[in-house]
Structure formats: structure tokens, C-alpha cells
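The values are calculated or read from the model by the stated rules, or taken from the named source; none is laboratory data. For clarity, every value in this text was computed on a predicted model and none was experimentally measured. Note: ideal-geometry Cβ built from the backbone for every residue, glycine included; neighbour counts use all protein chains shown. These area figures cover heavy atoms from the full protein model, side chains too; ligands, DNA and RNA do not enter into them. Shrake-Rupley method; radii C 1.70, N 1.55, O 1.52, S 1.80 Å.
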Amino acid sequence: YAIPEELGRGSLVGPLARDLGLSADELPARKLQVASGGKKQLKYFTVNEENGNLYVNERLDREEMCGESATCSVSFEVLAQNPLNFFQVEVAIEDVNDHSPVFSKAALNLEIGELIPPGSRFPLEMARDADVGSNSLLTYQLTSDPSFSLSMKEKLGGKKQPELVLERALDREKQSSFEFVLTAVDGGEPARSGTVLVLINVTDANDNPPVFSKNVYEARVAENLPEGSLVLQVRATDADAGANGRISYSFGNVPDDVLSLFSIDSESGEIRTVGPLDFEKKNKYIFGLEAMDGGGVTEHCEVQVDITDVNDNAPEITILSLSSPVPEDVSVGTVVALLNVNDLDSGENGQVSCELSGEAPLSIVASSGGSYKVVTASALDREQASEHRVTVVARDRGRPALWSSTELVLEVSDVNDNAPVFEEAAYSAYVAENNAAGALVLRVQARDADAGANGRVSYWLAGGSAGAAGAAPLVSVEARSGALYAQRSLDYEQCREFTVAVRAQDGGAPARSSTATVRVFVLDRNDNAPRVLWPVAAPGAGAVAPGEAPAVAPFEVVPRSAEAGYLVAKVVAVDADAGRNAWLSYELVAASEPALFRVGLHSGEVRTARAVSERDAAKQRVVAVVKDHGQPALSATATLHVVLAESLQEALPELSERAAGGEAAAAAAELQFYLVLALALLSALLVLSVALAVAARL
């Protein structure tokens, strides 16, 4: 853009957002703002966030900003967010004719000898105009007089030196002094002017003016030149003798900054430094000198002092923007920081290179205008490094080189890119049966490498064989701790093992999860007594219903000729428990003839311990106990009836006697029942009679 100087605050510079190709809908998200490596540039302009236009933020004075430079511009960067980017902006400041020509003195005094021949020229002081270009090109006018006229002498840069020309011989006796007004007019629109009074005193013979050895003196000095150092020496000569030939040197119409940096010895013409020179502020000074003889005649010359650069400025690093924290899933090449590196030196002293120092997945890329982008060089992983610290080192190419550094701290924010991981893929748990409801079965644990809600794990049952469809599950899981609890008492005989699937899920969006299998083994307890399958206990034993004959218990027939070891029967028993709790052993606890029978400890076989003799009773009763090996042990008994007979026919009388005995017992039981019933009826009748008698009496 190009704007004139002296614009007021809020003046429009240009439609920045439109020129950058940004639509009105994008402006709130892009957040345009002015950023630059120089502090001055930041205050000159501002961007309106609503419409994206660039406005003047502070009055701009071209002469203050750029001095006598032919061109003047301000360069800066405009940052845009989402995505992070920057744009180079340059605003040219055009000169406005806001300065009038100025003479250093209110009056110019000249002394001209009356013997000076016509045609002689006398240089006059040049006016100074702070503007540039055509606004600073001056023309001069002199009030008319037949004795003098005004002439222009071309100088370097197109400037004109006014000279007073003697048109005719002077006669001090006729007129000893002259007075003119010299007017300087610039080339601006509208033009500005300045005036100075020219006073001429006609003197006796001083017919030779001072003459400089050069019209233009040039010198080149380094900016680190100490104060008081010699810059150059001018020399002028005057052909007159005596006081008229004595020359003194002085500055002409020069700016104040020249007077603050240089001095001139009025007698020797030596120009020395009186202040620190700074190439970065101004690299060239052009000013005029005046030589005056003792008769008041003057001559002018021009001095040009070029300041050479010294590498006395280290690069300045400015962080324009830093996107921190940055998500760990950003793509490679994403801009995370914008830097501006500025070196006030020039040439190689101002050429800067930047690099990153430190281990980090970042790289630095040079851009235009001394700007640099810090971009991701590889994928970021917060779980490996939650922040990255790198040092930006800027080094110029001077000799010796100067450098500066600044630290960048880039924090990496978490993204839910890790699923919970169980400590074990499959768990095993052991629970004794008959446990209490709510007993702890197992505690599972999963860890999530993410942070915050992304790493907060909760647990859920995801299925398994813990229960049939529609039935209450055997276990539950606590969401926070991962503890599995039994929902009810477990029974080994019904369920010896089951599996459940536990899902660990994080709190991210979208959530991530993993599953582990828990296999629960139910441990047996000795809660089941052995059950005798043979011999079968007589049905209804111990509780015979009235009118019903008790059943005959099973029996075995053993011939009287049986020898020792004869297999009488085998007690068969089972135990619903497992392991040692189901290991059974058999013992003989009672028998009509204890010495006649024995029982196998582990087989349960009932055998004769000796040969059957004629003295043994025909009917034998054997009682065996069956024990398991639990703690404490549980047991059951088995009763076996044995008839000693050679054949079944021989055993029948014994069996009939047992049946008759059974019928008699049944009849006695029935008689007892009726006696009790009759006694109850008589008692009820007695109570009723007494009650009726009492009622009748009352």
C-alpha cells in the first residue's frame, strides 16, 4: 500500500482481508493482527477484526521516520490464526509538502570591496527543506537592484546554490551598503517559501575571496569511531594579505543532528566527531562549510561523510506467535511458531541464519522478510514427551559473528489415541463355594497412557458365561475400581467354573476400550455327605403310616458253606463333592457277629472274615459307615441283612418270620392309634359336659 504522511488516526490504509482473499465469514476465526520484529512498526498500524481493513494507528511523520532518504516504507507481518500463517505487508509513506524552506540565520552579512570588478560572484547560504523529492527542490528570488543580480550554481543531487553577481563597480563614497531579501521557494503543491535578509557592506580593498581546494570533500569512517577522532580537514586559501587573508571556518546551514555529531576547528579546518556515530540511524551526512576571510568575504563547500557499518548489533529474535499447547495428532509440517529475526547491521553483518538447538521433532524454515516458521518435522506423541524445549539460535555473518538465542517451550496436548490396556489379557480367580453374596472375587486393572478424561478408565461387564440369558449374573464389576464381586453364593456342584468379559473404557470422545477375560474357578467345600446307593434303605423306615405294612429291607443269602473271603455284597456310595472331599472309605461299625464279616476300606466290599459255622445265627445284620476325607469329614451308614442258608428255599421261612413280625408290629401300631383317638374323644366329651352344667347353673 501507499499512503501520504500525516494521516490522522483511524485513516484507512487498505482492505487487507479482501486483498488476502479472506471472506467475511472467515474473519472471526482467522483473528488478523499486526506483528513485527520492530516495536515502532507495531504502533503505526492496526487491523480491524470485524472488517479486516488496515488502519493508521498513529500519525506518521515521514521526516521523523526516514529522514532525508528518497524512499520511505514500513514493513511488517500480519498474523492469521486457524491455520497459523503470516503475510508480509509493506506501506510506502509518501512525502507531503509540510515543511517550508529554512535559513539558519535571520540575516546574511557580506563585505565586498569597492575595487571588486563587475562579474564577481558571491555564494549565498542555501536554505534547508526537510521534505524530499520535488517538495525539497528550491528556487531563489532576490529583490531587484541594478548593482546586483542572482545566479544559480548546480550542485550534486540537483540542488542549486544561490550566488550574488556584481553587475557594476561599487563606489563606497556614493553608497556604502545594500539590503536585499532572498526568498527560497520549494516545488511543492502548494509551494512553501522562506526568506532571509542579505546585508552588504562596501569596504575598501579586499578584492580576493577565499578559495577551497575542493568543491566537495568526501570521507568514509566506521560507525565505532571514538569521539574526538579526525574525520577530514578542509583547506581554503586567500590571496589577500594581512587580516583580509586570514580565514576562519564554520558550518553553514546544517541540521541539528550534524552539529551534535561533528565539530570544525575554525582555524585549522579539521572536522572531528563529538558524538557517537550509528550506521543504523543514518549512514550518510551531507552538509555545507563556510570559509570567511578577515574582510568578511565568504566561500562555501560541501562535505559528504559516509558511515561504514560495523558488526555491533546482534540479531534480535521476536516470537510473533506460538501455538502452545498443540494437539499431538497434528500433521507433519504444521506451523507451531512464527519468528521474526532482525539485525540492524547491513551487508554480511546483517545477513542472519537461524537454527534450532535441542532434541525435538521440530524444524525451522526461512520465509520472507526475516521471518521464520517453526514446523513439526515428525509426528508428536504426548505419551513420550508432553513438552518440547528448543533453543532458537540466530547468527549473523559478520567477523566476528554475533549471535542471540531464545527458548521455545512447546506443550503437547493430549488426544485420545490410546486404548486402555489391561495388566493381563486373561485373569484367573479362585472362589470357595458357599461364599457370602458381595464377596470380592478379583480386582482387574487397566492403564491408559492418555491424560485427563482420555485416561480415566471405567469398567463394565461385556459378556461371558457367567449366567444364562435372563438370569441374574454371577458377578458384578465396580466401574471405578475394577473390583469383581459375587452376586450370590456359588455352588461347586452346580457350577465349577465360568468366564466373564470385562471391558475397560476411557472417557475420551470417541471413547476407546479393550476387553479382558476373567475365568473364575469355584473351589469345592465338603458340604455334601456320602450317599449310599446300595444297599437301598427300606422306604418309610422309621415312619410307617397307619394301616401300611413296612417294606422289607434288602437282604443277601450266604451259604453256610461259605469260606473266609466270600463276597457277601458291595456297599456302593457316591459323594457330590470333589477331590479329597469325595474320597470315600468304608468301615464296619456293627454286626450280629462282628468276627464273621469285614468291609474293604476303599472298595466297600463286604466279605466273610472266616468260614460260616453251624453255630452262627441264621439272620445277620451288618452296619457299615461311609466317610469322606473332608475337613470335617461327613459320613453315612448302610445296613445289610444277611441270611445264612444254603438256598433261597431254605431262607424263605426266615423271611416269612420277618414279614409276620412286621405285620404284628403294624397291628400293634394300628391299635395304639385307635386307643389314643378314643381317649381324646372322652376327654372332649367330659369338658363339654362340665361346660354345659356350668351354663345351666348360671
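For the range 243-284, give me each residue that is open to solvent by 50 Å² or more (accessible area, probe 1.4 Å) and of a type in the set (Gly, Ala, Ser).
243, 248, 260, 266, listed by residue number.
With the structure loaded, tell me whether residue 59 is outside the structural domain of residue 183 (by the TED database), more than 30 Å from residue 146 (Cα to Cα) and over 37 Å from the mean Cα position of the chain (by Cα) or whether it fails that test.
yes
With the checklist (1) of a type in the set (D, E, K, R); (2) open to solvent by 60 Å² or more (accessible area, probe 1.4 Å); (3) without any contact (Cβ under 8 Å) to a residue 60 or more places away in the chain; (4) part of a loop (DSSP other than H, G, I, E, B) in hand, flag the one item residue 381 doesn't pass.
The single condition residue 381 does not satisfy is (2).
Residues of the range 275-309 being at pLDDT below 90 and of a type in the set (Ser, Thr, Tyr), which ones?
Residue satisfying the conditions is 298 alone.
Give the number of residues within the range 256-288 that are closer than 20 Å to residue 298 by Cβ and not charged (D, E, K, R).
12
Using the structure shown, decide if residue 598 is surrounded by fewer than 19 Cβ atoms within 10 Å (Cβ to Cβ) and either part of a strand (DSSP E or B) or of a type outside the set (Gly, Ala, Ser) (or both).
Working: surrounded by fewer than 19 Cβ atoms within 10 Å (Cβ to Cβ): no; either part of a strand (DSSP E or B) or of a type outside the set (Gly, Ala, Ser) (or both): yes.
It is false that residue 598 is surrounded by fewer than 19 Cβ atoms within 10 Å (Cβ to Cβ) and either part of a strand (DSSP E or B) or of a type outside the set (Gly, Ala, Ser) (or both).
When residues of the range 107-154 are filtered for being over 30 Å from residue 189 (Cα atoms) and part of a loop (DSSP other than H, G, I, E, B), how many remain?
Total meeting the criteria: 9.
Identify the single condition in (1) modelled with pLDDT under 85; (2) surrounded by 20 or more Cβ atoms within 10 Å (Cβ to Cβ) that residue 65 does not satisfy, given that it satisfies every other one.
Failed condition: (2).
Mind checking which pairs have a first residue in the range 599-622 that is farther than 23 Å from residue 585 by Cβ and a second that is among the charged types (D, E, K, R) and outside any loop (DSSP other than H, G, I, E, B), Cβ under 8 Å, 6 or more apart or different chains?
Hits for this filter: 618/654; 619/654; 619/658.
Condition first: part of a strand (DSSP E or B) and in contact with a Pro (Cβ under 8 Å, 6 or more places away or on another chain). Now tell me which residues in the range 171-210 satisfy that.
Kept after step one, since they are part of a strand (DSSP E or B), are these residues of the range 171-210: 177-185, 193-203.
Selection gives 182, 184, 185, 193, 194.
In the set 578, 569, 562, which member is modelled with pLDDT of 85 or more, within 60 Å of the chain's Cα centre (by Cα) and open to solvent by less than 40 Å² (accessible area, probe 1.4 Å)? Steps first, answer last, please.
Details: 569 fails: within 60 Å of the chain's Cα centre (by Cα); 562 fails: within 60 Å of the chain's Cα centre (by Cα).
Only one candidate passes the filter, namely 578.
Report, by residue number, each residue of the range 476-512 that is surrounded by fewer than 16 Cβ atoms within 10 Å (Cβ to Cβ) and within 12 Å of residue 459 (Cα to Cα).
Of everything in the range 476-512, those that are surrounded by fewer than 16 Cβ atoms within 10 Å (Cβ to Cβ) and within 12 Å of residue 459 (Cα to Cα) turn out to be 478, 479, 480, 481, 501.
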